[in-house]
Amino acid sequence: MTTRTASRTPFGALATGPRFPLVTAVVFLVTLACGIAQLVHPPLYDAVVRDAARINDGQWYRLVTGMFFQDGWGFGLVSNLLWLAVFGTLAERVFGRGRWLVLYFVCGWFGQFMSYVWLNPVGAGNSMCVTGLIGALATLVIVASRRYGVELPLQFRVMAFAVPVLAVVDTVFHDNHGLPGLLGMVLGYLLLPSPTRAPHPEVVTPDHFHGESDVKGG
């Protein structure tokens, strides 16, 4: 009989997708290129930003281009790309590339649309796309024990249950990140990998953060 310890990273115990986050890398580079173009040529932003008045005039493409440019300019570009690198990689390792694309762009577009009709009529950024991935990962953490037999550390479970609460509070205060996060939780549940594809049941404990190796027994 072989006994396997958990991965050194908590989500590694649930990873069934490709090891190299290709989709995350491609979206990262495209978003980076758009952000640099915006910084080099500032008038470009006015042509692509989500703007309710111009969308009402028929420029619906702004609900898509708004996901690749940043209303926070340089700071927004750097911070949003960092969040994308971290949560995009985690989500792609767990959900795979196809599901990642659905989560990222459906949640992002939903956030853009709800911002247009209600929450924030003018703006841009990929942060709502990333919030969708965070919502999906929160759902994964919440169901990991029951669905996959993987017990994640308490701090991860606390943060996961905090996501829907913060999303509701966020929406109440008229910010536009809460709704994509909630949608990400719903879509994340619907797109969860089958338990038969998950690694063998295992428990993640704090000891696994100290570089333990696999333990094999006969």
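Below is a table of values for the structure above.
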item: Hey, GLY123 open to solvent by 30 Å² or more (accessible area, probe 1.4 Å) and at positive phi or not; result: no
item: Pick from segment 143-162, criterion among the hydrophobic types (A, V, I, L, M, F, W, C) and open to solvent by less than 60 Å² (accessible area, probe 1.4 Å), ranking: farthest from LEU192 (Cα to Cα); result: ALA162
item: Residue check, VAL102 open to solvent by 50 Å² or more (accessible area, probe 1.4 Å) and either within 30 Å of VAL141 (Cα to Cα) or in contact (Cβ under 8 Å) with a residue 24 or more places away in the chain (or both); result: yes
item: PRO180 crowded, with 18+ Cβ neighbours inside 10 Å, touching a Cys at 6+ places or on another chain (Cβ under 8 Å), within 20 Å of VAL130 (Cα to Cα) and touching a residue at least 40 places away in the same chain (Cβ under 8 Å); result: yes
item: Unique match (being among the small types (Gly, Ala, Ser) and either farther than 24 Å from LEU84 by Cα or modelled with pLDDT under 95 (or both)) among ALA33, ALA37, ALA53; result: ALA53
item: Some residue of segment 81-88 being aliphatic (A, V, I, L, M), modelled with pLDDT of 95 or more, at negative phi and more than 23 Å from the chain's Cα centre (by Cα); result: no
item: Cβ pairs under 6 Å, 6+ apart, first in segment 76-96 and among the small types (Gly, Ala, Ser), second at pLDDT below 95; result: GLY96/GLY17
item: Residues within segment 50-97 that are touching a Pro at 6+ places or on another chain (Cβ under 6 Å) and surrounded by fewer than 21 Cβ atoms within 10 Å (Cβ to Cβ), tallied; result: 2
item: Residue check for GLY98: more than 13 Å from the chain's Cα centre (by Cα) and closer than 21 Å to THR16 by Cα; result: yes
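Rundown of residues vs (1) modelled with pLDDT of 95 or more; (2) out of contact with any Phe, Trp or Tyr (no Cβ under 6 Å at 6 or more places or on another chain); (3) closer than 28 Å to VAL150 by Cα, yes/no style:
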| residue | (1), (2), (3) |
| --- | --- |
| THR2 | no, yes, yes |
| THR9 | no, yes, yes |
| LEU22 | yes, yes, yes |
| PHE75 | yes, yes, no |
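The values are calculated or read from the model by the stated rules, or taken from the named source; none is laboratory data. Fair warning: this is a prediction, and the values are worked out from it, not measured in the lab. Cβ atoms come from the backbone with ideal geometry, glycine included; neighbour counts cover every protein chain shown. The protein model used for the area step is the full one, side chains on, heavy atoms only, and it has no ligands, DNA or RNA in it. Shrake-Rupley method; radii C 1.70, N 1.55, O 1.52, S 1.80 Å.
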